[in-house]
Structures are given as C-alpha cells and as structure tokens.
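Every number in this text was worked out from the coordinates using simple rules, so none of it is lab data. Keep in mind that this is a model prediction, so the values were computed, not measured. Using ideal geometry, Cβ is built from the backbone for each residue, glycine included, and neighbour counts are taken over all protein chains shown.
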Amino acid sequence: MPFFNEERTEPATPKRREEARREGNVPKTRELPSALIILCLGILFYFYGKSFLDHLMKLFPLFWKDISAQSGPDQILHIYFIATKLLMTILTPIFITIVFISLFSHLIQTGFIFSIEVLTPRFSRLNPINGIKRLFSLSALIELLKSSVKLFIIGYIAYRILSAEVNRIIFCLSGSIYQILLYTAKLSFKLIFNCGIAFLALSLLDYIYQRYQYEQNLKMTKQEVKEEMKQREGDPLIKSRIKSLQKKMAMSRMMQEVPKADVVITNPTRIAVALRYDNKSMYAPKVVAKGYGFIAAKIKEIAQRYGIPIIENKWLARMLISVEVGEYIPSKLYRAVAEILAYIYQIKGRTY
C-alpha cells in the first residue's frame, strides 16, 4: 500500500497508461473541434456561399408569393416539399461538415478508442461537496481564464474588422437585398476565418497544456511502481526462493551424474569437471558436472566414493569449466582428453 504523503514523481508505466485509456482518460482539448469547425464552415461558405444565397433567395419568394396565392392543402403541401428540398440543399453540407470535422478532430487527438467506462454512472459525481470543490479548483480557474481569453479575442477581432468596414456597411445598406446578403456573407466569412485561425492557435496551446496535465495526473509514487512490478513479475522474494529451489534441484541432478563419469579433471583445489564418454552413443566426451569451491569439493568427494579417477590438469580444468553441463567438449580439447581417457582405460583394462 503506498504511503499517503508520498509524492508522485515517477512517470506512468505502460500498464497505467493502458488502464487510463481503457477508462476513456486520454489527453485532448475541446477547443480543437470548435476551431476546425469554425474554419471549415468559413471555407465552405467562401466557396459555396453564393450557391447557398441563391437557394435562400429562391426560398423567400416561395413563401411570399405562393402561400398568399395558395388555394388549398395540395398547394401548401407542394410549397412545403419545395421549401424542404431547398433547406436540405443548404443545410446538408453544413451538417456533414460539422459531423466529419468533429469525428476527425477527436481521432487525431486520441486515435480510435471505445470505452463504456465514461458512460457508467458514478454516484461520486452527484456528491455536492465534490461539485463545489470542482467549481473552486485550479482547473476551473484555468477554464474560466481560457473562456475569458476567447471572448476577448472574438471581441477584438470583431472590433478590428467591423471598424474597418463601417463605411462599406453604410454604403451597402442602400443596395438591393441580394447585394446586402452577399456582402453580409463575405463579411461573415472574414469574421469566421479570422476567429477560426485564432481559435486554432489557442487549441494547439491548450492541447500542449492538456498533455502536460495528463502526464502529471498519471504520475505514480515509487511504491505504486514497485507494487505494479510485483504484480507483473512476481514478488522478488518469491522469485528468489524459486530460483534457489531450481538451483538446488539442478545441483542435485548434476551430482547424480558424477558416479556415471569416467574421470574428474581438477586444477587441483578450486575447479572440478566430471567427464563421461560412451563410444556407442557419443561422438565426443561430455561434461556431466562442474563447479568451483564447495561444489568442486563435493564432486571430488563423490568421485572418491565411487572410485572415479581424479586427474590434476590445471590448463585442461580451466578450459573445461567454460563448457556447459550436458554439452560435448570442444574439438580443440579432443587430443588432451583422449590421452587422459586412454590412460584411464588402460589401467582399468577397457578398450577406448
């Protein structure tokens, strides 16, 4: 269990990040979708604004003339269908743009993520005390500052653009309805585009801040990192105990092979290597046991008990100790080992 006063100084582990992502906790800014939608709608109106305006101009006379001249429900229904078609022509590209940009702006921030954790009701969110704390928290203050900055930017951009267009606005009022609407569309595009650029810059800054805040919130204490490592890799004490038991079992199996050896090579006190050779099943002598110090002494003790010859050869012992147990000796040692085995077999009366 982590100490309550321990500081979170360690970077989040991959497991912690994966858990946060599974819960829907990912770094993102809500400003980016708004900025991109404003920009894209401005661009959409710039290229297709005249077409929208033409459809809008067809819509107004439709009501002014036809409704007053309508003679029954069939005429009203006909007007309704025409008006709906015109409205759909105007609004469909706008709706598609908003939906596509909303999805796109979230995907580039978080990637594809599906989590039901955010939809799971949590009664802690209904706690009024927690709600009051959130209202007066640092994050709430930062959100208030961001909103104030956005309002200031909108006001400043609108003031600069409108103040530069005052004379044109007054002049345009004397024109036709179509000219007024066309100029209004151009002026709106100018406002929207400039605000969108400003919002985009703010959203990038906000994303950097959200990323930083996300990393800070995910940080872990040293104790939490240790606990997670225990869960992932097991308790170090248990692992040490298992390794100790495995080592004892391997040692026991190795010592059981010493009585089957043909010779034990020593240096003579520190190293002992037991060799076995069967010309029917082996193409070369094999190391069946080896060790330093206490293990070497144990190998020699077993060899003496079972009458296994012990040969002192410092150079050969040093060369053989590098060969793993159960492996054949390297070819460069064939001659030296063969001379020793030939000598032992000659004494025992065995054929080599």
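Straight Cα distances below 20 angstrom link K300 to the lysines K247, K248, K260, K286, K290, K314, K348, with same-chain residues fewer than 8 positions distant left out.
Using 0.36 nm per residue of separation minus the Cα-Cα distance, give me the extension gain between K260 and Y48 in nm, one decimal.
Going from the current span to full extension adds 67.0 nm.
Stretched out straight at 0.36 nm per residue, the stretch from Y212 to M57 would grow longer than its current Cα-Cα span by 50.8 nm.
Peptides 324-337, 32-45 ranked from most to least packed by the mean count of surrounding Cβ atoms within 10 Å: 32-45, 324-337.
Gain on full extension, evaluated as 0.36 nm per residue between F95 and S240 minus their Cα-Cα distance, stands at 45.9 nm.
Note on M319, M57: ascending count of other Cβ atoms within 10 Å places them as M57, M319, the fewest first.
Using a 7 Å offset from Cα along Cα-Cβ at M249, what residues in region 306-329 end up with backbone N under 19 Å from the label point? Answer for this model: 325-326.
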